[in-house]
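> Following this message is one structure expressed as structure tokens.
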Amino acid sequence: MSMSSSGTEGDGLLTILLAAVAAATLAGLLIRGKTKLGDRWAPPIAGVLVSIIAIYDFNEVGNRSVEIFERTAYASLGWGLVLTLVGGVTLAVSGGLVFTAAK
């Protein structure tokens, strides 16, 4: 028996919005060539928040089980959640590098 949950439900939508804000901020920085304070703070903060959400979801999914017809079924992680965590960490690190390099 298998079941799936969409990543755009619940906090998945929040991670998409955070990534979009960070991408728009970094694109604006590339286009303008100079930075404002908000431009430097948004990407690393967004990356940290996305990572926190992904870690929280890892815990939630890992702790889920249900008993069906005297058998226990456990939830497993999908590739989307793993990709969200990798993307969040990457965004936090790269955003932090931009933060320190852009003045």
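For (1) at pLDDT 85 or above; (2) surrounded by 14 or more Cβ atoms within 10 Å (Cβ to Cβ), each residue gets a yes or a no:
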| site | (1), (2) |
| --- | --- |
| 9 | no, no |
| 14 | yes, no |
| 18 | yes, yes |
| 26 | no, yes |
| 34 | no, no |
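> Now for a different question. Return the residues of segment 36-55 that are assigned to a helix (DSSP H, G or I) and at pLDDT below 90; say none if nothing qualifies.
Within segment 36-55, 37, 38, 39, 40, 41, 42, 43 meet the criteria.
> On to the next question. Does residue 65 meet the test of being among the hydroxyl-bearing types (Ser, Thr, Tyr), at pLDDT 80 or above and either surrounded by 13 or more Cβ atoms within 10 Å (Cβ to Cβ) or more than 12 Å from the chain's Cα centre (by Cα) (or both)?
no
The values are calculated or read from the model by the stated rules, or taken from the named source; none is laboratory data. If you're wondering where the values come from, they're calculated on a predicted model, not measured in any experiment. Note: ideal-geometry Cβ built from the backbone for every residue, glycine included; neighbour counts use all protein chains shown.
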